[in-house]
Amino acid sequence: MYALSRILSLLFDGLLLPFGSHRLAALLVASAVAGAALALLFRATSDQARIRRARDVFKARVLEMRIYPDDFVLISRALLGALGSQATYLRVALKPILIVLIVALPVFFQMEARFAPAPVRAGGHTLVTVTLKEGLDPRSVPAALSGTGDVRVDPRAVRVPATREIVWRAEIAGTNQPALALTVFDRPYEFALGTARGTGVIGRSRAAHGFADPLIHPGLPVIPDDSPVAAVRIGYGDASYRFLGRQMGWLAVFLIGSFVGAVLPAWLLRIQL
């Protein structure tokens, strides 16, 4: 799963590279392209004729209920017919919907990892939380975190036995290859910090034993199975974007962009959704 995540990350890196540090433009264009691609995928994997017939039957049954509002028998028959047409639609559309969902989820996770976290600016700081595996007491486990590049780590870590967590404060002086090196029982684990305002993946968390975790949370390296570390979490803030005269979270911008991207090919090609 980690190999698949890396391939997707490299693919998105190449596609978003021309936007440089223009995160909002990259988010809008990528969202519109994703919406258009998913609409075309739905068209290619669905039986458009059967979907059109099911929708036409539904419209006819609804119109029948409006024409005969005082006839209980006709309204009941029309209502049952409308429900039946919706069941037919769901049966016909289920396969393409599942295919679109399977393709859309990795795209969503990649977009979330790039545009949801706010990069740490020079002069800012973040908290790095390391969770140890069960049976380990953070008060007695030898653990250290050090920074490279423009990162300075406060050696005074907070150790929480109840949750097996060790928390460090990392201060960022600049954007010169910021990275962190974690050592627990002489076992190293290194990872980068997201400080540049570009479109690269910003790794927020990684779990040691999560099959789908590399796909859901791309960015941080895999934690080896024999590592004493159970999880790593970096405390980034939430990014916001000025769009349509308002500050919005990445998800709102993504939904608007993907909706616009999906509507255009659906209208031009008369795709039955």
Requested in this report: May I ask you to list the residues in segment 23-51 that are in contact (Cβ under 8 Å) with a residue 60 or more places away in the chain, open to solvent by 30 Å² or more (accessible area, probe 1.4 Å) and over 30 Å from LEU90 (Cα atoms)?
Outcome: LEU24, LEU28, VAL29
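Looking at the structure I just gave you, is GLU134 assigned to a strand (DSSP E or B) and open to solvent by 80 Å² or more (accessible area, probe 1.4 Å)?
Details: assigned to a strand (DSSP E or B): no; open to solvent by 80 Å² or more (accessible area, probe 1.4 Å): yes.
No; evaluated as a whole, the condition is false for this residue.
Looking only at segment 194-215, which residues are closer than 18 Å to THR129 by Cβ, within 16 Å of the chain's Cα centre (by Cα) and either of a type in the set (A, V, I, L, M) or open to solvent by 10 Å² or more (accessible area, probe 1.4 Å) (or both)? Spell out the reasoning first.
The first filter runs over segment 194-215 and keeps only residues closer than 18 Å to THR129 by Cβ, leaving 194, 202-210, 213.
Checking the rest, the ones that are also within 16 Å of the chain's Cα centre (by Cα) come to 202-206, 213.
Residues satisfying the conditions are ILE202, ARG204, SER205, ASP213.
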Report summary line: Restricting attention to segment 137-154, the residues that are closer than 21 Å to ALA231 by Cβ, in a strand (DSSP E or B) and either open to solvent by less than 40 Å² (accessible area, probe 1.4 Å) or polar (S, T, N, Q) (or both) number exactly 6
Query raised in the report: Quick one: which strands (runs of 3 or more DSSP E) sit completely within segment 155-205 and have at least 1 residues that are without any contact (Cβ under 8 Å) to a residue 12 or more places away in the chain and in contact with a strand residue (DSSP E or B) (Cβ under 9 Å, 6 or more places away or on another chain)?
Result: 158-160, 187-192
Report task. Being among the β-branched types (Val, Ile, Thr) and open to solvent by 60 Å² or more (accessible area, probe 1.4 Å) is the filter here, so list the residues in segment 66-114 that pass it. Result -> ILE67, VAL73, ILE97, ILE102, VAL103
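Test GLY219 against the stated conditions and say whether it is modelled with pLDDT under 90, open to solvent by less than 60 Å² (accessible area, probe 1.4 Å) and under 24 Å from the mean Cα position of the chain (by Cα).
Yes: the conditions hold for GLY219.
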Query - Positions within segment 242-254 being among the aliphatic types (A, V, I, L, M) and touching a residue at least 60 places away in the same chain (Cβ under 8 Å), in sequence order - result: LEU251, VAL253
Requested in this report: State yes or no: is ALA192 of a type in the set (A, V, I, L, M) and over 30 Å from PHE42 (Cα atoms)?
Outcome: yes
Report summary line: Sole miss for THR199 among (1) touching a Phe, Trp or Tyr at 6+ places or on another chain (Cβ under 8 Å); (2) at pLDDT 90 or above is condition (2)
Report task. Pairs only if they're at least six apart or on different chains, beta carbon under 9 angstrom, first in segment 2-17 and under 28 Å from ASP225 (Cβ atoms), second of a type in the set (Phe, Trp, Tyr); list them, first residue then second. Result -> SER5/PHE109; LEU8/PHE109
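When the residues of segment 164-189 are narrowed to those that are more than 21 Å from ARG121 (Cα to Cα) and open to solvent by 60 Å² or more (accessible area, probe 1.4 Å), which ends up modelled with the lowest pLDDT? Can you show your working first?
Restricting attention to segment 164-189, the residues satisfying the condition of being more than 21 Å from ARG121 (Cα to Cα) are 164-166, 182-189.
So of that shortlist, the ones also open to solvent by 60 Å² or more (accessible area, probe 1.4 Å) come out as 164, 185-188.
Working: ARG164: 96, PHE185: 93, ASP186: 88, ARG187: 91, PRO188: 91.
The selected residue is ASP186.
The values are calculated or read from the model by the stated rules, or taken from the named source; none is laboratory data. Just so it is clear, the structure is predicted and the values come from calculations on it, not from any experiment. Note that we place each Cβ from the backbone using ideal geometry, even for glycine, and neighbour counts take in every protein chain shown. For the accessible areas, the whole protein counts, side chains as well, though only heavy atoms, and no ligand, DNA or RNA atoms are used. Shrake-Rupley method; radii C 1.70, N 1.55, O 1.52, S 1.80 Å.
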